[in-house]
Amino acid sequence: MNSEMTRNEILNHFEIMTNAEPYGNGHINDTYLVTMPRYILQRINTSIFTNPDELMDNIENVTAFLRKKIAAAGADADRETLTVVPTKEGGKYFKVDENNVYRVYRFVEGTKTIENSKTAKDLYEAGVGFGHFQKLLADFPVEKLYETIRDFHHTPKRIEALKEAIREDRAGRAASVKKEIDFALENASWAGSVVKGMEEGRIPVRVTHNDTKINNILFDQESGKAVCVIDLDTVMPGSALYDFGDALRMGGSTAAEDEVDLEKVWFETEAFEAFVRGYLSEMKDALTEDEIALLPLSVKLMTYECGIRFLTDYLNGDTYFKIHREHHNLDRARNQFKLVADISGKEAQLAEAVQKAF
C-alpha cells in the first residue's frame, strides 16, 4: 500500500469523511485534529513503539477498565477517559506500512490543555487528576499490561545508556559537554532508589502512566477541574513515584523544559505544595510508608532521569526526541540539571509539605 496515502484516505478507513489538521506539540507521535465532528488522528511512532498491537492492547484494556469504574460511579465515561475509534474492519489501528500506523480517538469536547502557564489551582487539579487515575486502576491486574518501552524508568539502565553514549561518542560531541557529563555521573549514586525498592518489594508495582506532564490532562474549560488523563502510550507496570515525580518535573519548574536562560529556571515549592495536596486527596490511603517517604526524592529523580535521557540523545546525534533547533537536546539537559541542583537544596521543605497535605 502507498505510504503517501493522504490523511483523508486514512480517515476513510475509520469511516470518518472530513479533513485533518496538525494539532498539539508532542515529542513522539504526529497528531492531527479532525473536524465536524471532532476526532484525534495520530500516527504512532513505530520506531519507539515497535509493537502497535501490544501498545493498543494496553490502551484498550485500561480505558475499558476505567470506563466501567467511571460509569459505576455515575460519571460520564465518554468524557473522563479516552475512547478508541475502531477501523471499519474492527481493528485498533490502520496500517499503511511499517512506518505509518494510525489510530483515532474521539475528541473530548469542552476541555482544554495547559502548557507552560499554570496556577496553583491548575496544579492542585492536576494532582487530583493523576491521583484519581491511579486510584481507579489500583485493582487493575497489572500483569496483563505489556511493557511498551522496556526499562522506561529503570534509572540505573538509563545511566548505563548514558555511559555507553559517552564511550561511543557517535556525534563527536562528548568533549564539548564535559560539565554536563560530570554532573550526570556525580549524581548517579542515589538514582537507583526506586528501582531498588521495587526489586526488594518495598515499593509496589502499580499501573502507572509514566508521562505525567500537566499537558497530558484535559481540564474542563469552564470549571478548570481535571477531566481526563490522555496520552496513554506509556501506561504499563511501574511505580507511583514515577508518575508523581514526573508531574512535578515540569509542573514545579518556573520555565519550559527547553528554556536556555537558566537564571529563569528553578523549582517552586508552592507548586509542589499545590500538587501534593491534590494528589494525596486521592492517593493518601493507597500509598505505602516507603512511597510517601520518597515523594520529595521522586521529583529530583525523574528530573535527573529526563536530563540524562536528553543528554544521551544529544550525544547519540538526536535520534529519539524531536528537536526544533541546533543543540535542542543539550538545552533541555542543562535545564533539567539546573532543576536537579535546585531541588536538592529544597528536599526538607518538600518533605514538610507532604506531611502538611495529610
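The values are calculated or read from the model by the stated rules, or taken from the named source; none is laboratory data. Source: prediction; values computed, not measured. Methodologically, a virtual Cβ is constructed for each residue, glycine included, from the backbone with ideal geometry; neighbour enumeration extends over all protein chains shown. Note: accessible area is taken over every heavy atom of the protein model, side chains too, but ligands, DNA and RNA are not part of it. Shrake-Rupley method; radii C 1.70, N 1.55, O 1.52, S 1.80 Å.
With a cut-off of at most 14 other beta carbons within 10 Å, and DSSP calling the residue loop, which GluC sites (Glu not before Pro) in region 146-221 qualify? Please list them.
GLU147, GLU200
Using Cα-Cα distances under 8 Å and only pairs 6 or more residues apart, what relative contact order does the chain have, in percent?
Dividing the mean separation by the residue count of the chain yields 19 percent.
Apply the a/c threshold of 1.5 to the C-alpha gyration tensor of the chain and tell me whether it is rounded, prolate or oblate.
Oblate, because a/c is 1.5 or more while a/b does not exceed b/c.
Based on alpha-carbon centroids, what's the gap between region 38-116 and region 238-295 in Å, whole number please?
Each part's Cα centre sits 26 Å from the other's.
Quick one: which residues, 5 or more positions from VAL85 or on another chain, have an amide H under 5 Å from its amide H? H modelled 1.01 Å from N in the peptide plane, none for Pro or chain starts.
Those lying under 5 Å, H to H, from VAL85 are VAL104, TYR105, ARG106.
Compare TRP266, TRP190 by solvent-accessible area with a 1.4 Å probe and give them largest first, with all protein chains kept in place.
TRP266, TRP190
Among rounded, prolate and oblate, which fits region 38-159 when a ≥ b ≥ c are the square roots of the eigenvalues of its C-alpha gyration tensor, a/c under 1.5 means rounded, and a/b larger than b/c means prolate?
rounded
What shape does region 275-358 have by the C-alpha gyration tensor, where a ≥ b ≥ c are the square roots of the eigenvalues, rounded means a/c under 1.5, and otherwise prolate means a/b greater than b/c and oblate the rest?
Note, shape of region 275-358 comes out prolate.
Rank these by accessible area, largest first, 1.4 Å probe: THR319, THR303, THR113.
From most exposed to least exposed: THR319, THR113, THR303.
Can you tell me the length gained on complete extension of the stretch GLU109 to LYS95, counting 0.36 nm per residue apart and subtracting the Cα distance?
Answer, rounded to one decimal: 2.3 nm.
Let me check the size of region 237-309 from its C-alpha atoms; what are the radius of gyration and Dmax in Å?
So, for region 237-309, Rg and Dmax equal 12.8, 41 Å respectively.
Note the count of lysine pairs whose C-alpha atoms are less than 28 angstrom apart in region 40-180, limited to pairs 8 or more residues apart or on different chains.
26
Heavy atoms only, probe 1.4 Å: what % of the accessible area of region 129-176 goes to carbon and sulfur, would you let me know?
That fraction is 48 percent.
Compute the relative contact order of region 35-155 as a whole-number percentage, counting only Cα pairs closer than 8 Å that sit 6 or more residues apart in sequence.
Value for region 35-155: 34 percent.
Please work out the FRET efficiency for the pair ARG167 and ALA351, using the Cβ-Cβ distance as r and a Förster radius of 35 Å; give the result to the nearest 0.05.
E(calc), rounded to 0.05, equals 0.40.
Evaluate the relative contact order of region 161-261 (contact order divided by residue number), counting alpha-carbon pairs under 8 angstrom at least 6 apart; express in whole percent.
The normalised contact order for region 161-261 reaches 25 percent.
ASP30's amide H: which non-local residues (gap 5+, or another chain) put their own amide H closer than 5 Å, with H modeled 1.01 Å from N in plane and none for Pro or chain starts?
ARG43, ASN45
Given a 1.4 Å probe and heavy atoms of the protein chains only, how would you sort THR288, THR148, largest accessible area at the top?
The ordering from most to least exposed comes out as THR288, THR148.
Using a Cα-Cα cut-off of under 19 Å, which lysines could be cross-linked to LYS346, ignoring same-chain neighbours fewer than 8 residues away?
Within the straight-line cut-off, LYS346 pairs with LYS264, LYS300, LYS338, LYS356.
As a test of the formula, what do you get for the chain when each DSSP H run with n ≥ 4 contributes -39,500 (n - 2.57) and the sum is divided by the residue count, at 222 nm and rounded to the nearest 500 deg cm²/dmol?
-14000 deg cm²/dmol
What are the ³J(HN,Hα) values, in whole Hz, obtained from phi via the Karplus relation 6.51 cos²θ - 1.76 cosθ + 1.60 with θ = phi - 60°, for each residue of region 309-314 in sequence order, with x given for Gly and Pro?
5, 4, 5, 4, 5, 4
Evaluate the charge dipole of region 43-125 about its Cα centre and quote only its size in Debye, nearest 20, assuming +1 on the Cβ of each Lys and Arg and -1 on the Cβ of each Asp and Glu.
For this selection, approximately 220 debye.
ARG206: accessible area at probe 1.4 Å, nearest 10 Å²?
40 Å²
Collect residues whose amide H, placed 1.01 Å from N in the peptide plane, falls under 5 Å from the amide H of TRP266; neighbours closer than 5 in sequence don't count.
Placed amide hydrogens put THR254, ALA255 under 5 Å from TRP266.
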